[in-house]
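Scroll down for the structure; my scribbles are underneath it.
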Amino acid sequence: MNEKADGLTFLGTAGARVMVASQILASGGLWLDLGGTEILLDPGPGTLVQAVKRKLRASRLGAIILSHCHLDHSADVNIMIEAMTDGGLRRRGTLFAPSDALENDPIVLRYLRSYLGDIVVLEQGGSYQIGNVAFETPVRHRHPVETYGVVFRTPMHSISCIADTRFFEELGLHYQGDLLILNVVRLEPGGLYDHLSAPEAGRIIRELRPKAAILTHFGMTMWRAKPWEVAAKLSEETGVRVIAARDGMRFDLAELD
């Protein structure tokens, strides 16, 4: 039996360039502990520092997943590979990443690749396995680079993570699950970049009706609007428990039962 319940730790909740560059919020990505299988999703700037601060050990990671190559999702991937493999002394762990993060505009240093047990290229409709955790990348997102969200499945729970994307009609159809995590950069639709807004997140939550939804990856407009207040409003509008993630927040999946 595991000493602690399955859960997620938000190592950072910053999204978009200004928030990440200013570190108003941390930008460390998401650490999942599912049945003893530990997975790191999107190690942005500061992941190593945030992980050490939360007493999370990189040497316990089974895998690192990159949703896409933008620096707010990948800047610490190299140091986390080195930490996961004890500086290359233990060849272990798997890196999952889109092809353009490895080839077209590579952000993973080549000398570190031999430290890993395996490197797997993510594809639309792909299905993968890490220990006792299965996951899927159901659809390519509408974003300037190759980008995928992730649906994790364990014997007990399903966790759907919608990464950066412009809203499109069929988006929500791919992310059924007990827990829905959404990157919500903008308070209102529009803007120069392809990101979800709070009203669009609300529409997806209403469509999917998960047991709970967590908002994260906030841009400046969301931060100024106080994400916890936005989440409370969405809870009222959708009838679903909606939470605004905080830096260092741990969510125990037992709360879904």
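Please treat every number below as a calculation from the coordinates, not as lab data. A quick note: this is a predicted structure, and the numbers were derived from the prediction, not measured. Don't worry about glycine lacking a Cβ; one is built from the backbone with ideal geometry, like all the others, and counts go over all protein chains shown.
Pairs only if they're at least six apart or on different chains, beta carbon under 7 angstrom, first in the range 207-232 and touching a residue at least 24 places away in the same chain (Cβ under 8 Å), second among the hydroxyl-bearing types (Ser, Thr, Tyr); list them, first residue then second.
Leu208/Tyr175; Thr216/Thr13; His217/Thr13; Phe218/Thr13
So, in the range 209-226, of the ones that are of a type outside the set (A, V, I, L, M) and within 13 Å of Ala198 (Cβ to Cβ), which residue ends up surrounded by the most Cβ atoms within 10 Å (Cβ to Cβ)?
His217
Can you name the helices (runs of 4 or more DSSP H) wholly within the range 182-253 that have at least 1 residues being within 17 Å of the chain's Cα centre (by Cα) and closer than 30 Å to Lys4 by Cβ?
The qualifying helices (runs of 4 or more DSSP H) are 198-208.
Any residue in the range 158-178 that is assigned to a loop (DSSP other than H, G, I, E, B), touching a residue at least 12 places away in the same chain (Cβ under 8 Å), surrounded by fewer than 14 Cβ atoms within 10 Å (Cβ to Cβ) and among the hydrophobic types (A, V, I, L, M, F, W, C)?
yes
If you go through the range 122-140 one residue at a time, how many are assigned to a loop (DSSP other than H, G, I, E, B) and touching a Lys or Arg at 6+ places or on another chain (Cβ under 8 Å)?
To start, the set of residues in the range 122-140 that are assigned to a loop (DSSP other than H, G, I, E, B) comprises 123-125, 131-132, 138-139.
Now narrow it down to the ones that are touching a Lys or Arg at 6+ places or on another chain (Cβ under 8 Å): 124.
Looking only at that region, the number is 1.
Just one of (1) surrounded by 24 or more Cβ atoms within 10 Å (Cβ to Cβ); (2) out of contact with any helix residue (DSSP H, G or I) (no Cβ under 8 Å at 6 or more places or on another chain); (3) under 20 Å from Tyr148 (Cα atoms) trips up Thr94, so point out which.
Going through the list (1) surrounded by 24 or more Cβ atoms within 10 Å (Cβ to Cβ); (2) out of contact with any helix residue (DSSP H, G or I) (no Cβ under 8 Å at 6 or more places or on another chain); (3) under 20 Å from Tyr148 (Cα atoms), Thr94 breaks only (1).
How many residues are farther than 28 Å from Ile159 by Cα, small (Gly, Ala, Ser) and in contact with a Cys (Cβ under 9 Å, 6 or more places away or on another chain) when one looks only at the range 86-142?
Qualifying residue count, the range 86-142: 0.
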